[in-house]
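Participant: Okay, here's the structure, questions in a sec.
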Amino acid sequence: MAFFNQDYLDFFKELAANNNKEWFDRNRKRYENEVKGPFKNFVTQLISALAKEDPDLDIEAKDAIFRINRDIRFSKDKTPYKLNNSAIISSEGRKNKNHPGLYLELGPEKLAFYGGIYGPDNKQIEKIRTYFVTYPKALNAALNEPGFKNTFGEMHGEKSKRLPKEFKEAGEQQPLIWNKQWYYYSHLPADLVVSEDLLEVFVDLERKASGMKNLLTKALYD
């Protein structure tokens, strides 16, 4: 089934040219009916589908979905609204952005799937590096698993300029030891948002990322 119609994408296209409270207030009912409601329904159904393979996933859509309002306190861009809908689907939802899970964005420019760990603190960085040093074969297996490699290609993330001495030798063999972020992503055409296959697209992407997600979860919590 299709969760969204073309007006979902058109709303964000028009919002891009009219990103102000006055326009949004005039179109609020349209937003509620064509954007917010359908997105909540989609996230609800996606959580339900993913929970069949992840028994720890016990959240509701409200725990996963981000507000459309932008945080403009420290931004030069003062436009008040985001130009897509987004959510984090994990056992901890959006309250913990560093718990391995699925981050999704649906907008008129692209459909985006992200996974991994984007903003770990120093303790989490040390845990992940230690795990990679201790279990290099497990890391290489996750990186080279065909579903992951063919879909996401590689792990991304900003690298440290210096490594603690206990990681330097391992860092010569495995470049990911230098990372202070570890994430992967897939960007797909926006027209998939209105397709009947949207739910299965995300379920399939999460399935292909499951080995890496499980590895990062073990690194943080084992």
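The values are calculated or read from the model by the stated rules, or taken from the named source; none is laboratory data. Small disclaimer: the values here were computed from a predicted structure and weren't measured. Because the Cβ atoms are built from the backbone with ideal geometry, glycine has one as well, and the counts that use them run over all protein chains shown.
Participant: Being outside any loop (DSSP other than H, G, I, E, B), of a type outside the set (Val, Ile, Thr) and under 18 Å from PHE202 (Cα atoms) is the filter here; which residues of segment 51-78 pass it?
Facilitator: ALA51, ALA61, ALA64
One line per residue, one yes/no per condition, for (1) farther than 22 Å from LYS110 by Cβ; (2) of a type in the set (Val, Ile, Thr); (3) surrounded by 15 or more Cβ atoms within 10 Å (Cβ to Cβ):
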position: PHE3; (1), (2), (3): no, no, yes
position: GLN6; (1), (2), (3): no, no, no
position: ALA17; (1), (2), (3): no, no, no
position: GLU32; (1), (2), (3): yes, no, no
position: PHE42; (1), (2), (3): no, no, yes
position: LEU50; (1), (2), (3): no, no, yes
position: GLU53; (1), (2), (3): yes, no, no
position: ILE65; (1), (2), (3): no, yes, yes
position: PHE74; (1), (2), (3): yes, no, no
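Participant: So, in segment 172-196, of the ones that are of a type in the set (A, V, I, L, M) and touching a strand residue (DSSP E or B) at 6+ places or on another chain (Cβ under 9 Å), which residue ends up nearest to ARG129 (Cα to Cα)?
Facilitator: So, considering only residues that are of a type in the set (A, V, I, L, M) and touching a strand residue (DSSP E or B) at 6+ places or on another chain (Cβ under 9 Å), the one nearest to ARG129 (Cα to Cα) is LEU176.
Participant: Separate question: Give segment 60-111 a look and list any residue that's among the hydroxyl-bearing types (Ser, Thr, Tyr), closer than 20 Å to PHE12 by Cα and free of Cβ contacts under 8 Å to residues at least 24 places away in the same chain, or say none.
Facilitator: If the condition is that a residue be among the hydroxyl-bearing types (Ser, Thr, Tyr), closer than 20 Å to PHE12 by Cα and free of Cβ contacts under 8 Å to residues at least 24 places away in the same chain, then SER86, TYR103 are the ones that fit.
Participant: Taking the options GLY101, GLY107, name whichever one is surrounded by 12 or more Cβ atoms within 10 Å (Cβ to Cβ) and within 21 Å of ALA209 (Cα to Cα).
Facilitator: Within the list GLY101, GLY107, the selection yields GLY101.
Participant: Checking the conditions here, which among GLY171, GLY153 is surrounded by 18 or more Cβ atoms within 10 Å (Cβ to Cβ) and farther than 18 Å from ILE88 by Cβ?
Facilitator: Sole residue among the options that is surrounded by 18 or more Cβ atoms within 10 Å (Cβ to Cβ) and farther than 18 Å from ILE88 by Cβ: GLY171.
Participant: Can you tell me which residues in segment 19-30 are more than 22 Å from LEU111 (Cβ to Cβ) and of a type outside the set (Phe, Trp, Tyr)?
Facilitator: ASN20, LYS21, GLU22, ASP25, ARG26, ASN27, ARG28, LYS29
Participant: Please go through segment 191-222 and give me each residue that is of a type in the set (Ser, Thr, Tyr), part of a helix (DSSP H, G or I) and over 16 Å from the mean Cα position of the chain (by Cα), ordered by number.
Facilitator: If the condition is that a residue be of a type in the set (Ser, Thr, Tyr), part of a helix (DSSP H, G or I) and over 16 Å from the mean Cα position of the chain (by Cα), then TYR221 is the only one that fits.
Participant: Only residues in segment 182-211 that are free of Cβ contacts under 8 Å to residues at least 40 places away in the same chain and closer than 17 Å to SER48 by Cβ count as the first member; pair them with residues that are assigned to a helix (DSSP H, G or I) and among the basic types (Lys, Arg), Cβ under 8 angstrom, at least 6 apart or cross-chain, and list the lot.
Facilitator: Listed by first residue and then by second, the contacts come to nothing, as the list is empty.
Participant: Moving on. Inspect all residues belonging to segment 154-171 and state whether any of them is within 18 Å of LYS213 (Cβ to Cβ) and hydroxyl-bearing (Ser, Thr, Tyr).
Facilitator: Looking through segment 154-171, none of the residues is within 18 Å of LYS213 (Cβ to Cβ) and hydroxyl-bearing (Ser, Thr, Tyr).
Participant: When VAL194 is evaluated against the numbered criteria (1) among the aliphatic types (A, V, I, L, M); (2) at pLDDT 95 or above; (3) more than 20 Å from ASN84 (Cβ to Cβ), which criterion, by number, is the only one it fails?
Facilitator: Answer for VAL194: the failing condition is (3).
Participant: I'd like the full set of residues that are out of contact with any Leu (no Cβ under 7 Å at 6 or more places or on another chain) and assigned to a loop (DSSP other than H, G, I, E, B), limited to segment 91-102.
Facilitator: Scanning segment 91-102 gives GLU92, ASN96, LYS97, ASN98, HIS99, GLY101.
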